[in-house]
Amino acid sequence: MNDKVNYRMCVCCRNMEHKHNMARIVVTNDKAMVDKTYKAGGRGFYICSEKCLDKILTSKKLSRYWSVLSDESVLDELKEVLKP
């Protein structure tokens, strides 16, 4: 079976990794949530590490993700998922 299908790209560093090694954030009805099942509906994006999360929160280039990650509960849950 081809495992290539399960690789996703981090929105920050653009590295390809297996999707279960990354955190998925889903936006539905203008509400963001961390998708631990990797199956939730809606537009989603992947982040591979806490370093990339910090870069997203400080970079002007990645500012389109700020509004999604502005909720403190989402940020706390995301940091918990990204811990090694």
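The values are calculated or read from the model by the stated rules, or taken from the named source; none is laboratory data. Being a predicted model, the structure only gives us computed values, none of them experimental. Cβ atoms come from the backbone with ideal geometry, glycine included; neighbour counts cover every protein chain shown. These area figures cover heavy atoms from the full protein model, side chains too; ligands, DNA and RNA do not enter into them. Shrake-Rupley method; radii C 1.70, N 1.55, O 1.52, S 1.80 Å.
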inquiry  = I need the Debye-formula profile for the stretch 41-84: one equal scatterer per C-alpha, no solvent, reported as log10 I(q)/I(0) at q = 0.20 1/Å, two decimals.
reply    = -0.64
query = In Å², what does the accessible area per residue of the chain work out to with a 1.4 Å probe?
reply = 70
request  = Please report the relative contact order for the chain, taking Cα pairs under 8 Å with a sequence separation of at least 6, and give it as a percent rounded to a whole number.
outcome  = 27
key: DSSP-defined beta bridges in the chain - what % are antiparallel, rounded to 5   = 90
note = A 1.4 Å probe over the protein heavy atoms gives the chain a carbon and sulfur accessible-area percentage of 49
note = Net charge near K39 (other residues with Cβ under 15 Å of its Cβ; Lys, Arg +1; Asp, Glu -1) is +4
request  = Place the peptides 34-43, 52-61 in order of packing, highest mean first, counting for every residue the other Cβ atoms within 10 Å and averaging per peptide.
outcome  = 52-61, 34-43
request  = With the convex hull built on the Cα atoms of the chain, state its orientation-averaged projected area in nm².
outcome  = 5.7
inquiry  = Given the DSSP H assignment, sum -39500 (n - 2.57) over each helix run of at least 4 residues in the chain and divide by its residue total; what's the result at 222 nm in deg cm²/dmol, nearest 500?
reply    = -7000 deg cm²/dmol
key: Zero-based 10 Å bins, Cα pair distances in the stretch 1-41, whole percents   = 27, 49, 22, 2
query = For the Cα atoms of the chain, what angle does the longest principal axis make with the long axis of helix 72-82, in degrees from 0 to 90, nearest 10?
reply = 30
